[in-house]
Amino acid sequence: MFKFISTFRLQFLIIATFIGLFMLMSETHTNEGTSRFQSVVQTLTYPLQASVNSVASTFKNLWYSYISLIDVNEENKLLRQQLLDMEEKMNQHIENSVQFLRLRNQLLFASKKITEKIFAEIIGESADNNHDISLINRGSNQLVQRNYVVLRKEGLVGRIQSVSPFQSSVQLITDHRSRVSALIQRNRIRGLIYGTHEGLEMRQINQHANIKIGDRIISSGLGGLYPKGLLIGWVKEIRRQKHELFKTAILDSAVDFNQIEEVFVIVPSITDSHLFIE
Amino acid sequence: MMRLFLLALGLMLIGVWLSIVFNNYVQFGGLKINWLLVFMLILTFRHSNLLLAFLGMLAGLIMDSLSHGIIGLYGTSFFLTLLLIIQVSKLFYANTFLAVSLAVFSMSIFEGWISLSMIDMLEPGVELSTNLLNSTLPVAFLQGLMTPIILQFVIWGEKLFLRDLA
């Protein structure tokens, strides 16, 4: 037996390595926590990423400050005109918002939720081409945890995929593994948002659903990961095949994922905390 | 052996730096070169040493940590690809730019196919063919184009570390 093993020790080593890798892969895929190896690698690479990002942003800010001075007069005129228009609109909105606040306070009375936002800067992105992952400069030291929701004022960005002490990786909703339960705000019809190479697609929409170009798509809150009501995007195109059971809508995402530099990580309220227990 | 180990380790560190810093700012057509893979492919084509397959596995694990977080996925695909190279490298004359470029191109496609298939296995619903066409194929082509430059760098490294072998 020992002779057999020693004769084929190289083959045994290779097979054992494959088994080890598959076990590791299976364990990290099913386990909700961040693996220790990933945490170590991210902690080691963080100083490099953060320092390079800091230098690059300084230069970028200097450049944009210079650029922004050009055509500033024209822009000023345009903005003054826009301001007048906006003031008129604001008067209407104040009236609406007073009514809205009164009604909302009544609704929130029953289940008051206090959410805290952690400000974070994007310091890097996925090292490969197959995944839409961004790295942020906030980690477990700043109380960030896996599956916390990440957003911007424009709309939903993604969720925390893994956490190390100083940085976390964010799985963007455009990642091809991402799924977000969503609904059309106008008529509350449900669908599922898939990340694709081209952007976002809302699939599994009922074949008879009334859907229009420009419809706003928001998160539905189903599944417990993303809270309800976060803007995802607008319908840009509707695809429908006669033989298919469902319609597919191509979306314009609310967030420009090529431009994001800062995000907010949402710390769930105590009433939501059961959703994030790992 | 020890010198080859150190050279591979050094190239891996450079690969990590290029992946997390250079790739963030310089992308060709929005595509990120998998520097770690290219370095390991070229080294393995030139030396056909089993040690490189194991180091490649480590490089894959680092790539896993810096991307999707499923530790072992790229580890497996890198390891399998480098093992294949060790077997087939005798068929190639790996000292011309064209031969190494073609080899890197084909092996990058193989690695991409393996890793995407495994992602598909773990999380069904991933559009394998679309990903292969939109991502793996163009990146493999880009990596093939970049190979002569990287090969020059690797040869320079070999002259520094492995004088007797280079």
Heavy-atom accessible surface of the stretch B:2-161: percent carbon and sulfur, 1.4 Å: 75
Distance in nm between label sites at residue B:90 and residue A:153, each 7 Å beyond Cα in the beta-carbon direction? 6.7
What angle do you read, to the nearest 10 degrees and between 0 and 90, between the alpha-carbon axis of helix A:9-30 and the longest principal axis of chain A? 30
Given the DSSP H assignment, sum -39500 (n - 2.57) over each helix run of at least 4 residues in chain A and divide by its residue total; what's the result at 222 nm in deg cm²/dmol, nearest 500? -13000 deg cm²/dmol
Between helix A:36-69 and chain A, what is the angle of the helix's C-alpha long axis to the longest principal axis, kept within 0 to 90° and rounded to the nearest 10? 30
Running a GNM on chain B with Cα contacts under 10 Å, which residue among B:43, B:51, B:73 ends up with the highest mean-square fluctuation? B:51
Solvent-accessible area buried by A and B, counting both chains, probe 1.4 angstrom, square angstrom: 3900
Just checking the output field for A:84-95: average partner chain Cβ neighbours within 10 Å of each residue's Cβ? 0
Please work out whether the stretch A:1-112 counts as rounded, prolate or oblate from its C-alpha gyration tensor, where a ≥ b ≥ c are the square roots of the eigenvalues and a/c under 1.5 means rounded, while otherwise a/b larger than b/c means prolate and anything else oblate? oblate
List the lysines whose Cα lies under 17 Å from the Cα of residue A:212, skipping any in the same chain that are fewer than 8 positions away. A:236, A:247
Which one of A:97, A:208, B:27 is farthest out on the positive end of the charge dipole of the protein assembly as shown, using unit charges on Cβ (Lys, Arg +1; Asp, Glu -1) and the Cα centre as origin? A:208
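May I ask you to give the solvent-accessible area per residue for the protein assembly as shown, in square angstrom, as obtained with a 1.4 angstrom probe?
Working: 24060 Å² over 444 residues.
Heavy-atom accessible area per residue stands at 54 Å².
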Taking 7 Å along the Cα-to-C-beta vector as the label spot, tell me the residue A:244-residue A:100 distance in nanometres, rounded to one decimal. 3.4
P(r) weight above 24 Å for the stretch A:116-278, C-alpha pairs, percent: 34
Starting from the Cα gyration tensor of the protein assembly as shown, take the square roots of the eigenvalues, sort them a ≥ b ≥ c, and report rounded, prolate or oblate (rounded when a/c is under 1.5, otherwise prolate if a/b is larger than b/c, else oblate). prolate
Accessible area of chain A with a 1.4 Å probe: how many percent of it is carbon plus sulfur? 58
Relative contact order for the stretch A:116-278, counting Cα pairs under 8 Å that sit 6 or more residues apart, in percent: 24
Counting pairs of alpha carbon atoms under 8 Å apart in space and at least six apart in sequence, what relative contact order in percent does chain B give? 24
Per residue in the stretch A:1-28, which ones lose no less than 10 Å² of accessible surface when going from chain alone to all protein chains (1.4 Å probe)? A:10, A:13, A:14, A:17, A:18, A:21, A:22, A:24, A:25, A:28
Which one of A:82, A:170, A:16 is farthest out on the positive end of the charge dipole of chain A, using unit charges on Cβ (Lys, Arg +1; Asp, Glu -1) and the Cα centre as origin? A:16
For residue A:119 and residue A:61, compute 0.36 nm times the residue count separating them, minus their Cα-Cα distance, and round to one decimal in nm. 19.0 nm
Could you check the simple spin-label distance between residue B:97 and residue A:77, using points 7 Å along Cα→Cβ, in nm with one decimal? 5.4
Under 10 Å, Cα contacts only: if you run a Gaussian network model on chain A, which one of A:48, A:231, A:200 comes out with the highest mean-square fluctuation? A:48
Is any helix in chain B, taking whole DSSP H runs, at least 20 angstrom long along its axis by alpha carbon and on average at least 1.0 on the Kyte-Doolittle scale, and which ones? B:2-17, B:50-65, B:73-88, B:97-122, B:137-161
Longest principal axis of chain A (C-alpha) makes with the long axis of helix A:72-110 (C-alpha) an angle, in degrees to the nearest 10, of 80
For a test of the definition: using alpha carbon positions, the gyration tensor, and the 1.5 limit on a/c, classify the stretch B:2-161 as rounded, prolate or oblate. rounded
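The values are calculated or read from the model by the stated rules, or taken from the named source; none is laboratory data. This structure is a prediction, so every number in the text was calculated from the model and none was measured. Cβ: placed from backbone, ideal geometry, glycine included. Neighbour counts: every protein chain shown. Keep in mind that these areas ignore ligands, DNA and RNA; they rest on the heavy atoms of the full protein, side chains included. Shrake-Rupley method; radii C 1.70, N 1.55, O 1.52, S 1.80 Å.
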